[in-house]
Amino acid sequence: MKPVKALFTILPFIGLTLFVADNASCIEWANFYKPAGVGWAHFGTRDTFDGGYLIVAESAPANTGLAFYHGSLWVLKLTATGLVQWSNTYGTAAKDVGTAAAQGCDKGFLIAGRTLSFGSTKGDAWALKLGWYGDLEWQFAYGDGGVRSYIPKEVKVTPDCGYVIVGQATITTTGETDAWAMKLDQNGNLVWNFLYGGTKDDWFNSVELTADGGLLVAGRTCSFGMADAWTGDGWILKLTKDGIPQWQKTYGGASDDEIKAVSSAPEGYVAVGRTWSLGKGRGQGWVMGLDPNGDVIWQREFGGEEDDDFTSVARVTDGFLVAGRTCSFSFDSCSAWLQKLDFSGNSVWERAYYTNVPAAWEAAVSVANPGDGGAILSGTSLQADLTPSVWVLRTDEVGDIEGCPIVIPAKTPSASISIPGGTSSPGYIIPVPTLPPAPSTATPAIATFTKKKACPFPERGFVSVSLTGSGTGSVVSDPPGISCGSDCSEVFPAGTEITLTASPSPDSSFTGWSGGPCQDVTEPTCTFEVPAGLTTISANFERAYTLQVQVSGSGFGTVVSDPSGIACGTDCRENYTKGQVVRLTPRPFPGSVFSGWGGDADCSDGIVVMSSNRTCIANFERTISTSGLRVIAPNGGETLISGETYQIQWSAPSTSSPFTVQYSLDGGATWQTIAKKVSGSSISWTVPPVDRQMDQCLIKVKKRGTVTKSSSFDISDAPFTIKPGF
């Protein structure tokens, strides 16, 4: 399925919309949304960017009663848990309605409908492009000077980010109706615009994109097949991307039949609708499996003792969701109807939802795969107070809402049937003499509403955990329910205290939590009370590299790290995240001195950037010379003052060889030369300036020109201190 799917059956029907969201939160809920007067849902589509839902509805004054298409276009954007993000009206009251929607490539929405305010003011097609927050980006009216009135039934986004709109066009003076389709680019410019059909009434209800870049359109024809002026047949056309028919076929018997929606299927396509051709005196839900050429592979009927109808279909991983309207489960009204079918059309499970609507109101459905088997339905209900309200519910993987009395365990008879189908039909295609798109002015206005729970179940919270970062790891919950990697979400009663524990993989490090009550928590555990609704939390793991420290040389010492982790001699190995800077500090034991770093090149100054595994070697040398060369003063523990003169002294078996004298302020990590070619056993030294007290100072005396070995130099046995001068 494409990201956006919108199926709609128009006049004189309104009703229920079904849509299912990819990766949406599987927590069941059901709400009514009612404007100041009355409200009807005409369409619903999923937001592929945040898992929320867009409802195209109608808001009208309370005195409108049960007559629809007399209100204003009302659009609600909901979160995945039913909270309203924004609610706006557009157009002129009693003149402009929305009937379909699709989400564009830029995550905004294209709303299609009919306007009596703009263009010819006689029923032109109307397209509004909304931003993600409901702001109006552009809108146009498309018409032929008032010759025809246009009703869009469905919108689809095309691969070039344009829009294809299908529906019906009715001559305003005679009432004759043709099927109609038009293509817009992403800015609302008209690309092509055609009428299709024969000498009687024909229309399109649905459109699906095909694998070859074309279009499959479906609806009802009274011009071809076994149809006559009063009954119709199901009708499917395969079009090129430019709207030109490649083939067209009819499906149906001697009575009225109609295809309401089509979708892709493993063997080709699946089509759903209603058939009266079984001789039962009532409509039955009708499902057909078709091959890529439109020939029937299988077909089945579903229905009870009263009129039943399918209006939409969605392909899921293991079959189809089909939804519509059933009148077989209540005495004097009709309810929403949802079936899960396998790929051969056999029923897996079935549910009805009490909405108390008249038999003339039909369901309008838009479906996408949620990934968890659940579904979300939106529509119109008279259940709350016998006035029309928008109704939205989210089901679990078998169509249930825990503790909700409006769910009816339905079981309607079903059977394989053989209605004539796949009959090639003629028909014309003519360009519509469309006037240029007319700019329209429909300023959005904030729409007030009330929200009421449709089901009296206890508050529950849905906790969803995601793993982020360049590393890997897992998160588990206490009480059990979340074990992420494999199971990253769970429903808990609101108020439950839960602890999440993050465990990094051996080559990764946990760097902290984000989202909800765990925001900015850096410890591996996060404990909180689960709030009602959706809580999303991320555990971040970064790829880790190992820093290995080794100690070498004739002396002794330890190495510590900042950030902590290494305290070598006892712990010489630690993992650090990719890119982290680690500072290593050598600490020589008495009688030893740090003489420099070895190992990897990045270890040369003791500051290591962790872009790969590193091994650093700290060299410590004994300060007691085996050759008889020995530093006498300063030899550890003295305090010197910057700027004062100090007599450095040493002893050696022979003082005839020249000596080099050096000092270090950092425990031997770096050395500065005081003098070279010194004869004798002492030298006057002006203590260097420092801006703070230095406690790791050393003196080194070595024979000039000799190789640096322990026998050729001596260092202060322990550090001395230099303080700033006054």
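The values are calculated or read from the model by the stated rules, or taken from the named source; none is laboratory data. Since the structure is predicted, the reported quantities are computational estimates derived from the model, not experimental observations. Cβ atoms come from the backbone with ideal geometry, glycine included; neighbour counts cover every protein chain shown.
Observations on the model:
- Conditions (1) surrounded by fewer than 19 Cβ atoms within 10 Å (Cβ to Cβ); (2) modelled with pLDDT of 90 or more: number failed by Val661: (1)
- Looking at segment 523-583, the strands (runs of 3 or more DSSP E) lying wholly inside it that each contain 3 or more residues that are out of contact with any Asp or Glu (no Cβ under 9 Å at 6 or more places or on another chain) and among the β-branched types (Val, Ile, Thr) sit at 533-552, 557-562.
- Of all residues assigned to segment 215-223, at least one qualifies as being in contact with a Gly (Cβ under 7 Å, 6 or more places away or on another chain), in contact (Cβ under 8 Å) with a residue 60 or more places away in the chain and farther than 26 Å from Ala265 by Cα.
- In segment 155-177, the residues that are surrounded by 24 or more Cβ atoms within 10 Å (Cβ to Cβ) and within 20 Å of Asp233 (Cα to Cα): Val166, Gly167, Gln168, Ala169
- Count - residues of segment 293-342 that are surrounded by fewer than 21 Cβ atoms within 10 Å (Cβ to Cβ), within 29 Å of Leu239 (Cβ to Cβ), out of contact with any Lys or Arg (no Cβ under 9 Å at 6 or more places or on another chain) and not charged (D, E, K, R): 5
Conditions (1) in a strand (DSSP E or B); (2) in contact (Cβ under 8 Å) with a residue 40 or more places away in the chain, marked per residue:
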residue: Ala271; (1), (2): yes, yes
residue: Ile297; (1), (2): yes, no
residue: Gly304; (1), (2): no, yes
residue: Ser312; (1), (2): yes, yes
residue: Arg315; (1), (2): yes, yes
residue: Val322; (1), (2): yes, yes
residue: Arg325; (1), (2): yes, yes
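- Only one of the listed residues (Gly145, Gly134, Gly108, Gly175) is touching a Pro at 6+ places or on another chain (Cβ under 7 Å) and either touching a residue at least 60 places away in the same chain (Cβ under 8 Å) or assigned by TED's automatic domain parsing to the domain that holds Leu237 (or both). That residue is Gly134.
- Test: residue in segment 491-504 that is at pLDDT 95 or above, closer than 30 Å to Arg614 by Cα and crowded, with 19+ Cβ neighbours inside 10 Å: yes
- Residue in segment 268-276 that is among the aromatic types (Phe, Trp, Tyr), under 32 Å from the mean Cα position of the chain (by Cα) and assigned by TED's automatic domain parsing to the domain that holds Asp372 present: yes
- Where Ala363 falls short, out of the listed (1) small (Gly, Ala, Ser); (2) surrounded by 24 or more Cβ atoms within 10 Å (Cβ to Cβ); (3) modelled with pLDDT of 75 or more: (3)
- Residue in segment 558-572 that is surrounded by 15 or more Cβ atoms within 10 Å (Cβ to Cβ), polar (S, T, N, Q) and in contact with a Cys (Cβ under 8 Å, 6 or more places away or on another chain) present: yes
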